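The values are calculated or read from the model by the stated rules, or taken from the named source; none is laboratory data. Keep in mind it's a predicted model, so treat the numbers as computed, not measured. Cβ atoms come from the backbone with ideal geometry, glycine included; neighbour counts cover every protein chain shown. Heads up: the accessible areas ignore ligands, DNA and RNA and are worked out on the full protein's heavy atoms, side chains in. Shrake-Rupley method; radii C 1.70, N 1.55, O 1.52, S 1.80 Å.
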Amino acid sequence: MLSRRAVIAGGVATLAGSAIAARAQTSPAETPSAAAAPTVLKLDRRDIEVNGKTASVFGIRQPGGAFGLVTEIGKPFRVRVENGIDEPSLIHWHGLTPPWRQDGVPGISGPPIPPGGSADYDFPLRFGGTFWMHSHQGLQEQRLMAAPLIIRDSRDRADQQEVVVMLADFSFTPPEQIFENLKKSGSMAGMAKPAGGGKMMMSGMKISKGEAAAAPDLNDVKYDAFLANDRTLADPEVVKVEPGGRVLMRIINSSSMSAYHIDLGQLDGELIAVDGFAVAAVRGRSFPIAVAQRLDIRVSIPPGSGAYPVLAQLEGERNRTGVVLVAANAPVARIADEADAPSPALTLDLESRLRAAEPLAERKADRVLAINLTGQMAGYVWSINDVVWDKDVPPLPVAKGERVELVMVNRTPMPHPMHLHGHEFQVVEIDGVRFAGAVRDTVLVPPGRRVVAAFDAENPGWWAFHCHLLYHLDAGMFTTIRYV
Ligand SMILES: [Cu+2]
């Protein structure tokens, strides 16, 4: 079944003439100069092995085989995406601030790329850090159409090794079937449970903070495996590191629906950036990561030989995945893919402690937008301000140059990681307490909580703003802002 967004996007492509439209994604003002050839990123199918079985998934690779892109600040983002799969696709540069026509959201920034077609991108990079790229077309992200996007900058150090860890949730069930099952089981859950109990929550219903925090609804989808760089703990990636050395872990949660607790085990870590943006360093051995977020964690490797698993445990469950850092050829013991005990749900405890290294300028909001996160498991209906997205929903009003505050209040029993396209925002309030929180692009809003994010409207265009849980966004927890 085609998803609603695929249908919308398909409509646009048909109107514009898909082959021409895909090439027209770069406006004349942004035409790549002849000076440097673009980096080619090819979308294709590939096989990986999961739980002893072969799985056909998507991938985003350069002709040499590298996944995604590593570039550096000062270079333009000059990329050609070639669609080598047998369906339309479009790639979003998660966390970057391109001109809106290059943002990679079908039906909003432009049409999808038809099979065999390509699209060119060329824009300046405003900042460095750990980002990622993923398909915004239909449910392709669940089939691993995602890759790292690393922009090196002056924060990176020559004496530090970098390890990129991409987390993903994996199912042998096709995503379209997962979505259908959610709609069916959601409606059955709705019939079986009284309103306000379990997964049945009418939108707009008031829930107290304590009540919601007591029993959040987690993990709609039961996955077959959790992957770190495409592998499970049965055969994890083993990375050689220097005894006594420093390692920057760039952790990217590319999962469709799953949040984790990063567990550094015996290693001391320092969280130095979230979603690419520097924060005042936070020391620790455990850090939460919601869907679509990134954590840059610097770890110190002890002297001598040793094997150091860096694990990601699914919130609310025992399942885990991860990689192993190995110094001086230490033997690597088999790590169980389940922890001894379930982990707690993610909270805002870390978020409320984060402080941006470079906060937005102090400024009163010119515009405050109420964003109620609404919906219900019955029928799997998810919405913003009780409106299920379709292309006719009017964009939220914003004017160029304004300081805008998004007041997000979660009126459902599920956590929602909210992502704004085209702008970095700053977390400036949690439940009435103002503070100069992290600058980032995705923030978790747990059930019953209120999170306020501020941004400056300095990148005119039409931008998506949505829950990053794939099936929530596809079900309609999605809206847009538009200004020129
Ligand atoms: Cu959601």
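Could you check region 452-461 and list, in sequence order, the residues that are part of a loop (DSSP other than H, G, I, E, B) and without any contact (Cβ under 8 Å) to a residue 60 or more places away in the chain?
Taking region 452-461 first, the residues part of a loop (DSSP other than H, G, I, E, B) are 457-460.
Passing the criteria: Ala457, Glu458.
Which of the numbered conditions does Gly64 fail, given that it passes all the others? Conditions: (1) surrounded by fewer than 16 Cβ atoms within 10 Å (Cβ to Cβ); (2) touching a residue at least 12 places away in the same chain (Cβ under 8 Å).
(2)
Quick one: is Glu72 within 24 Å of Phe123 (Cβ to Cβ) and open to solvent by 40 Å² or more (accessible area, probe 1.4 Å)?
Judged against the criteria, Glu72 is a match.
If I go through region 110-168 residue by residue, how many of them are surrounded by fewer than 22 Cβ atoms within 10 Å (Cβ to Cβ), more than 30 Å from Lys391 (Cβ to Cβ) and of a type in the set (Gly, Ala, Ser)?
3
Which ones in region 452-462 are farther than 9 Å from Tyr483 by Cα and open to solvent by less than 10 Å² (accessible area, probe 1.4 Å)?
Val452, Ala453, Ala454, Phe455
What do you reckon, is Ala464 part of a strand (DSSP E or B) and at pLDDT 95 or above?
Working: part of a strand (DSSP E or B): yes; at pLDDT 95 or above: yes.
The answer is yes for Ala464.
What residue, among those in region 464-484 that are of a type in the set (A, V, I, L, M, F, W, C) and more than 16 Å from the chain's Cα centre (by Cα), is farthest from the ligand (Cβ to nearest atom)?
Restricting to residues being of a type in the set (A, V, I, L, M, F, W, C) and more than 16 Å from the chain's Cα centre (by Cα), the top hit is Val484.
Which of the residues spanning region 383-398 are within 16 Å of the ligand (Cβ to nearest atom) and either more than 26 Å from Leu96 (Cβ to Cβ) or surrounded by fewer than 16 Cβ atoms within 10 Å (Cβ to Cβ) (or both)?
Scanning region 383-398 gives Ser383, Asn385, Asp386, Val387, Val388.
Looking at region 96-118, is at least one residue touching a Ser or Thr at 6+ places or on another chain (Cβ under 9 Å) and within 20 Å of Met166 (Cα to Cα)?
no
Restricting to region 399-451, name every residue that is open to solvent by 10 Å² or more (accessible area, probe 1.4 Å), away from the ligand (no atom under 15 Å from the Cβ), farther than 20 Å from His92 by Cβ and part of a loop (DSSP other than H, G, I, E, B).
Across region 399-451, the qualifying residues are Ala399, Lys400, Gly401, Glu402, Asp431, Gly432, Phe435, Ala436.
Quick check on this structure: which one of Arg283, Arg320, Arg250, Arg334 is open to solvent by 20 Å² or more (accessible area, probe 1.4 Å), assigned to a strand (DSSP E or B), closer than 21 Å to Ala228 by Cβ and not polar (S, T, N, Q)?
Answer to the selection: Arg320.
Which one of Asp456, Asp431 is on the phi > 0 side of the Ramachandran plot, modelled with pLDDT of 95 or more and among the charged types (D, E, K, R)? So that I can check it myself, show each step before the final result.
On the way: Asp456 fails: on the phi > 0 side of the Ramachandran plot.
None of the other options fit; the residue is Asp431.
Output the residues belonging to region 54-79 that are in a loop (DSSP other than H, G, I, E, B) and closer than 16 Å to Val165 by Cα.
Within region 54-79, Ala66, Gly68 qualify.
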